[in-house]
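The block underneath contains the structure these notes are about, expressed in structure tokens.
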Amino acid sequence: MTKTIAVLGTGKIGEALLSGMIRAGWRPADLLVTTRRAERAAQLRDRYGVEPVTNAEAAKRADTLILAVKPQDMGKLLDELAPHVPADRLVISAAAGIPTAFIEERLTTGTSVVRVMPNTPVLVDEGMSVISGGSHATPADLNHTEEIFGGVGKTARVPESQQDAATALSGSGPAYFYFLVEAMTDAGILLGLPRAQAHDLIVQAAIGAAVMLRDSGEHPVKLREAVTSPAGTTISAIRELENHGVRAALIAAIEAARDRSRELASGNG
């Protein structure tokens with residue numbers, strides 16, 4: 001891990017990556033950060049022992065640039081970086097909806113670009129980061145990207161044509177879960193449970209169910225059927241979910257998220 005890595009735009013996701021890399025073995029001396037505010041830069045220096053620099057200096061000094069800015073700020077950042085990024089740099093974008101071609105067109109011809117869609121559980125080292133290589137990215141570039149993002153969870157490679165689908169399913173996925181937990185908590189309150197207790201019951205049920213899905217290797221249908229006794233409480237609940245179109249609503253919601261990701265990629269913000 002001797003390469004120098006710069007995180008440009010060290011907000012929540014950028015800081016999560018930074019801390020994950022340090023836990024995974026990167027030396028703070030090999031990590032650079034950029035941020036808009038001087039007080040934020042001082043905070044990152046004190047917390048992690050990394051060096052805050054300007055965007056231009058990061059482009060000149062780092063072997064790998066991680067662009068962790070908001071999608072609407074990407075064009076301005078690339079305009080600032082373009083004069084300073086040699087073609088031998090690896091540029092990793094963690095901005096939703098920004099295709100690799102958008103970045104390649106604004107940097108030196110031949111620059112390797114990798115697109116990554118992480119989700120917010122990277123903050124607790126349980127993220128899923130979906131990785132796609134641009135037209136000049138090599139297998140080594142993809143391996144290096146996996147090495148970085150593997151410090152804050154799991155990674156998966158997909159063709160870039162599938163990134164909008166991955167964004168809808170995985171990038172936005174935690175929000176769907178939180179929405180479901182919110183609704184189930186309200187149901188618990190309606191049934192007479194205190195809010196805190198309803199919350200704890202649902203969260204532990206969700207953690208247990210997720211671990212069973214991950215570790216058992218069973219299809220979710222089989223796991224659901226194991227809970228669903230004939231003429232029991234669970235099948236009554238499942239019937240109501242189907243009657244209210246919950247399955248169809250989830251599919252439609254994820255399709256809508258996919259479509260919005262495509263709109264962002266085409267510049268229709």
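The values are calculated or read from the model by the stated rules, or taken from the named source; none is laboratory data. What you see is a predicted model, and the numbers here were worked out from it, not measured in a lab. Backbone-built Cβ (ideal geometry, glycine too); neighbour counts: all protein chains shown. Side chains are part of the model used for accessible areas, which takes the heavy atoms of the whole protein and leaves out ligands, DNA and RNA. Shrake-Rupley method; radii C 1.70, N 1.55, O 1.52, S 1.80 Å.
What are the residue pairs meeting all of these: first residue in the stretch 138-152, first residue in contact (Cβ under 8 Å) with a residue 24 or more places away in the chain and more than 17 Å from residue 111 (Cβ to Cβ), second residue among the aliphatic types (A, V, I, L, M) and in a helix (DSSP H, G or I), Cβ atoms under 7 Å, and 6 or more apart or on different chains?
If the second residue must be among the aliphatic types (A, V, I, L, M) and in a helix (DSSP H, G or I), the pairs left are 148/17; 148/21; 151/21; 151/24; 152/16; 152/17; 152/122.
Among the residues of the stretch 226-234, is any outside any helix (DSSP H, G or I), out of contact with any Gly (no Cβ under 9 Å at 6 or more places or on another chain), free of Cβ contacts under 8 Å to residues at least 24 places away in the same chain and open to solvent by 80 Å² or more (accessible area, probe 1.4 Å)?
Yes, some residue in the stretch 226-234 is outside any helix (DSSP H, G or I), out of contact with any Gly (no Cβ under 9 Å at 6 or more places or on another chain), free of Cβ contacts under 8 Å to residues at least 24 places away in the same chain and open to solvent by 80 Å² or more (accessible area, probe 1.4 Å).
Can you tell me which residues in the stretch 197-219 are within 19 Å of residue 247 (Cβ to Cβ) and either loosely packed, with under 11 Cβ neighbours inside 10 Å or hydroxyl-bearing (Ser, Thr, Tyr) (or both)?
219 - this is the single residue of the stretch 197-219 that is within 19 Å of residue 247 (Cβ to Cβ) and either loosely packed, with under 11 Cβ neighbours inside 10 Å or hydroxyl-bearing (Ser, Thr, Tyr) (or both).
If we scan the stretch 195-218, do we find a residue that is within 30 Å of residue 261 (Cα to Cα), in a helix (DSSP H, G or I), in contact (Cβ under 8 Å) with a residue 60 or more places away in the chain and touching a Pro at 6+ places or on another chain (Cβ under 9 Å)?
No, there is no match, as no residue in the stretch 195-218 is within 30 Å of residue 261 (Cα to Cα), in a helix (DSSP H, G or I), in contact (Cβ under 8 Å) with a residue 60 or more places away in the chain and touching a Pro at 6+ places or on another chain (Cβ under 9 Å).
What is the one condition in (1) open to solvent by 80 Å² or more (accessible area, probe 1.4 Å); (2) assigned to a helix (DSSP H, G or I) that residue 141 does not satisfy?
Condition (1) is where residue 141 drops out.
For the stretch 116-135, give me the residue count where each residue is in contact (Cβ under 8 Å) with a residue 60 or more places away in the chain and either surrounded by 19 or more Cβ atoms within 10 Å (Cβ to Cβ) or under 19 Å from residue 104 (Cα atoms) (or both).
So the count comes out to 3.
Residue-wise test of (1) touching a helix residue (DSSP H, G or I) at 6+ places or on another chain (Cβ under 9 Å); (2) among the hydrophobic types (A, V, I, L, M, F, W, C).
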| position | (1), (2) |
| --- | --- |
| 113 | yes, yes |
| 116 | yes, yes |
| 126 | yes, no |
| 132 | yes, no |
| 143 | no, no |
| 155 | yes, no |
| 159 | no, no |
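Within the stretch 26-53, which residues are open to solvent by less than 70 Å² (accessible area, probe 1.4 Å), more than 23 Å from residue 116 (Cβ to Cβ) and out of contact with any Pro (no Cβ under 6 Å at 6 or more places or on another chain)?
Passing the criteria: only 42.
Could you say which residue among 23, 36 is basic (Lys, Arg) and outside any helix (DSSP H, G or I)?
Being basic (Lys, Arg) and outside any helix (DSSP H, G or I) holds for just one of 23, 36, which is 36.
Inside the stretch 166-196, can you point out the residues that are open to solvent by less than 100 Å² (accessible area, probe 1.4 Å), among the hydrophobic types (A, V, I, L, M, F, W, C) and more than 13 Å from the chain's Cα centre (by Cα)?
177, 180, 181, 183, 184, 187, 189, 193, 196
Looking at the stretch 48-105, which of its residues are of a type in the set (Gly, Ala, Ser), over 22 Å from residue 168 (Cβ atoms), touching a residue at least 40 places away in the same chain (Cβ under 8 Å) and not in a helix (DSSP H, G or I)?
62
All but one of (1) among the β-branched types (Val, Ile, Thr); (2) modelled with pLDDT under 95; (3) within 15 Å of residue 8 (Cβ to Cβ) hold for residue 108; which doesn't?
With (1) among the β-branched types (Val, Ile, Thr); (2) modelled with pLDDT under 95; (3) within 15 Å of residue 8 (Cβ to Cβ) applied to residue 108, the lone miss is (3).
Can you find a residue in the stretch 144-155 that is closer than 19 Å to residue 250 by Cβ, touching a strand residue (DSSP E or B) at 6+ places or on another chain (Cβ under 6 Å) and open to solvent by less than 60 Å² (accessible area, probe 1.4 Å)?
no
Only one of these is touching a strand residue (DSSP E or B) at 6+ places or on another chain (Cβ under 9 Å), open to solvent by less than 30 Å² (accessible area, probe 1.4 Å) and either modelled with pLDDT of 90 or more or of a type in the set (Gly, Ala, Ser) (or both): 16, 56, 87. Name it.
Going through 16, 56, 87 in turn, just one is touching a strand residue (DSSP E or B) at 6+ places or on another chain (Cβ under 9 Å), open to solvent by less than 30 Å² (accessible area, probe 1.4 Å) and either modelled with pLDDT of 90 or more or of a type in the set (Gly, Ala, Ser) (or both): 16.
Taking the stretch 172-194 as the region of interest, how many residues are over 23 Å from residue 127 (Cβ atoms) and outside any loop (DSSP other than H, G, I, E, B)?
The total comes to 8.
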